[in-house]
1. With a Förster radius of 35 Å, plug the Cβ-Cβ distance of Glu94 and Arg131 into 1/(1 + (r/R0)^6) and report the FRET value to the nearest 0.05.
2. Multiply the residue gap between Met104 and Asp35 by 0.36 nm, knock off their C-alpha separation, and tell me the result in nm, one decimal place.
3. Taking only protein heavy atoms and a 1.4 Å probe, what accessible area per residue, in Å², does segment 23-111 have with all protein chains in place?
4. What does the charge count near Lys32 come to, summing +1 for each Lys or Arg and -1 for each Asp or Glu among other residues with Cβ under 13 Å from its Cβ?
5. Quick one: with all protein chains in place, what share of the accessible area of the chain is carbon or sulfur, to the nearest percent (1.4 Å probe)?
6. Taking the radius of gyration and the Kirkwood hydrodynamic radius from Cα positions alone, what is the Rg/Rh ratio for segment 22-133, to two decimal places?
7. Normalised by the empirical 2.2 N^0.38 Å for globular proteins, what value does the Cα Rg of segment 7-59 take?
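The values are calculated or read from the model by the stated rules, or taken from the named source; none is laboratory data. Fair warning: this is a prediction, and the values are worked out from it, not measured in the lab. Cβ sites come from the backbone with ideal geometry, for glycine too, and all protein chains shown count toward neighbours. Ligands, DNA and RNA are excluded from the accessible area calculation, which covers all protein heavy atoms including side chains. Shrake-Rupley method; radii C 1.70, N 1.55, O 1.52, S 1.80 Å.
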Amino acid sequence: MTVTADRESELLASVPTGLLINGQWLPAASGKTFDVEDPATGKVLISISDAGAEDGAAALDAAAAAQASWARTAPRERGEILRRAFELVTARAEDFALLMTLEMGKPLAEARGEVAYGAEFLRWFSEEAVRAF
């Protein structure tokens, strides 16, 4: 992938700026946001929702409500969900690596390695999901 200013702008425009709670992207309950800056230039890349305690409680409540359904999900299906997550991360690895580079200044090659490393956890747990311990 060739990194250009247009590609960076396109990618940043696709980034959700809300909080994912109960399957929906929401603004922070306080309405607050914070700026993510390019560490090399200090330029604001994007402004995203600034979660507070109320948002954390809402996310926890949503997770607790979803737990019973997840517990009834067959191990094979859980494994397939995690495997699909691995495949989706892998398919968008270049996007994730570029975002990491933009927000942290990490060299692109290192960011690619970090994305691959993180994705491997999804693959490993997808294979472990079907094992009974």
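1. With a Förster radius of 35 Å, E is 0.60.
2. 23.5 nm
3. Accessible surface, normalised per residue, equals 65 Å².
4. It works out to a net charge of -4.
5. Ligands and nucleic acids excluded, carbon and sulfur give 57 percent.
6. Checking Rg against Rh, the ratio lands at 1.05.
7. Segment 7-59 yields a ratio of 1.27.
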